[in-house]
Amino acid sequence: MNVNHVYFFTGFPGFLATRLIKGLIHKDELFEKAFLLVLPALEDKAKQEAQRLEQELKLDSGTLQVVVGDITKMNLDLTQTVNHEQITHVFHLAAIYDLAVPKDIAYTVNVTGTKNVNNWILTLPNIQRYIYFSTAYVAGTREGALLETELIKPPSFKNYYEETKYEAEVLVEALKPQVPTTIIRPGIVKGHSVTGETVKFDGPYFILNTLRAIGFLPIKPYIGKSTSKINLVPVDFIIEAVSFLALYEQGAGKTYHLTDPNPYSATEIYEMLVQEMYHVRPKGIIPISWCKAFLALAPIRKFLHTEQETIDYFTWKGNFDCRQAKEDLMKANIACPDFKAGVPAMVQYYKLNENNPNYQVQIR
């Protein structure tokens, strides 16, 4: 007998969580209800977003129930009673997604928070699937072919985001013998491949921020010349893939690289963005070492609105093997769109919102 599905989400009302809920409800005929864990400061915003989603999806009021708590506290510090026996699927998306995050903050949220979620999941008697959002960049400074089937501690990490996501994934991996678990390792998530929609300009948008800041220059120089692949994936691919894999019976116990199987190099991506933004080809080269030195200075970081840590990805030579994800997603005819096809929408959306401070992340 099929049991109706009751979800428990962390990370709401974030960009990924909000869109994933919509994607799942469209696919899951057994969906009954979702509990959405939010911090006290986000309660009002989350309730408004939950009500908006209920109306958009024609759900009964209360189907998406906001519950206040904190993953960094034991038992998630829940202020409302949640029926543990009801919950069938847990989606853990809450994390600090910031390449420049200080170590203590990253550790508290990404590692301690995940440990608390893991312990709480062990109290759920009818859990059918735990879906944990990691990152492909748990590989740290390891290079060459990087497999979905391995979780190897690298010699070092490029930043504390990578390090704490690795430590958190180690904790989740240890749960696999006890709980049906699926680990999702996305590449660098960008906006929607067709509409360009996103909610913040970080990751690849730092390149657009830099291009905007140097718009007054008569030429647009290359940031070095790099053959390193930058693995960018649109949010619509992530949502479609996870909406399938979370309900795919054979997905339990697996780790998936939701990455572009045919990524472009950093220089190719830079060329595409320059051409789309200014209709010219880059000329001249600023060495990458100079760029990193310039970005070590806070006034330059703030002028370019770009984090120094971004530069590390221009020289890193890792390649994500995603054959397991490709094979399973093929059963649902899901594939990662070509990055180049989405560049016009990406740049157009950026230009429409470049002066909106709500899209810009704080640069320290």
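The values are calculated or read from the model by the stated rules, or taken from the named source; none is laboratory data. Keep in mind it's a predicted model, so treat the numbers as computed, not measured. All Cβ positions, even for glycine, are placed from backbone atoms using ideal geometry, and neighbour counts span all protein chains on display. To get the accessible areas, we keep the full protein, side chains included, count just its heavy atoms, and leave off ligands, DNA and RNA. Shrake-Rupley method; radii C 1.70, N 1.55, O 1.52, S 1.80 Å.
Descriptive notes on the structure:
- Placing +1 on the Cβ of every Lys and Arg and -1 on the Cβ of every Asp and Glu, with nothing else charged, gives region 4-77 a dipole about its Cα centre of roughly 180 debye.
- Site pair N333 and N126 shows an inter-label distance of 3.4 nm when each label is modelled 7 Å from Cα along Cα→Cβ.
- Largest accessible area first, the listed residues Y278, Y205, Y349 line up as Y278, Y349, Y205 when surface is computed with a 1.4 Å probe on the assembled protein chains.
- Taking all protein chains together and rolling a 1.4 Å probe, H89 ends up with roughly 10 Å² accessible.
- Per residue, region 1-84 exposes 53 Å² of solvent-accessible protein surface, assessed with a 1.4 angstrom probe and all protein chains in place.
- Within the listed set N353, N319, N83, the Gaussian network model of the chain (springs between alpha-carbon atoms below 10 Å) gives the highest mean-square fluctuation for N83.
- Computed on the chain, with alpha-carbon pairs under 8 angstrom and 6+ residues apart, the relative contact order is 18 percent.
- Convex hull of the chain built on C-alpha atoms - directionally averaged projected area, nm²: 17.8 nm²
- Beyond 15 Å, the tail of the calculated P(r) for region 244-292 holds 67 percent of the Cα pairs.
- The residues M272, M330, sorted by heavy-atom accessible surface at 1.4 Å with ligands and nucleic acids left out, run M330, M272 from largest to smallest.
- Over region 1-111 - Rg/Rh using Cα atoms and the Kirkwood inverse-distance radius: 0.98
- Furthest towards positive pole of dipole, A50, F216, T112, structure part the chain, Cβ charges: F216
- Partners for K165 among lysines (Cα-Cα distance below 16 Å; same-chain residues under 8 apart left out): K103, K115, K153
- Taking 0.36 nm per residue of sequence separation and removing the Cα-Cα distance, the A145/L30 pair yields an extension gain of 37.6 nm.
- DSSP beta bridges in the chain [antiparallel fraction, %, rounded to 5]: 5 percent
- For the chain, built as a Gaussian network whose Cα springs stay under 10 Å, the top-fluctuating residue of P13, P263, P218: P218
- By a 1.4 Å probe calculation restricted to protein chains, W316 has an accessible surface near 10 Å², given to the nearest 10.
- Estimated distance in nm for a label pair at Q178 and A298, the labels positioned 7 Å out from Cα along Cα-to-Cβ: 4.4 nm
- Label positions at E354 and K45, each projected 7 Å from the Cα along the C-beta direction, are separated by 2.5 nm.
- Whole-angstrom Cα spans of region 263-348 along principal axes, big to small: 50, 29, 22
- A Cα-only calculation for region 65-183 places Rg and Dmax at 14.9, 48 Å.
- Shown is the FRET efficiency for N83 and L57, computed with R0 = 22 Å from the Cβ-Cβ distance and rounded to the nearest 0.05: 0.50.
- Comparing mean-square fluctuations of I214, I131, I71 from a GNM of the chain with C-alpha springs under 10 Å, the top value falls on I214.
- For region 210-364, the Stokes-Einstein estimate of translational diffusion at 25 °C and a viscosity of 0.890 mPa s comes to 139 µm²/s, using the Kirkwood hydrodynamic radius over alpha-carbon pairs.
- Stretching the chain fully between A341 and E271 yields a gain of 23.8 nm (0.36 nm per residue, less the alpha carbon separation).
- Averaged per residue, region 223-364 has 48 square angstrom of accessible surface, using a 1.4 angstrom probe with ligands and nucleic acids left out.
- Carbon + sulfur, % of accessible area of the chain - ligands and nucleic acids excluded, 1.4 Å: 53 percent
- Dipole magnitude of the chain, debye to nearest 20 (Cβ charges: Lys/Arg +1, Asp/Glu -1, about Cα centre): 1020 debye
- The residues of region 89-210 expose on average 35 square angstrom of accessible surface per residue, using a 1.4 Å probe on protein heavy atoms.
- Taken about its Cα centre, region 203-362 carries a charge dipole of roughly 620 debye when the Cβ of each Lys and Arg holds +1 and the Cβ of each Asp and Glu holds -1.
- Projected onto its three principal axes, the C-alpha set of region 125-281 covers 63, 37, 24 Å, listed from the longest axis down.
- Added length on full extension, which subtracts the Cα-Cα distance from 0.36 nm per residue, Y248 to N319: 23.0 nm
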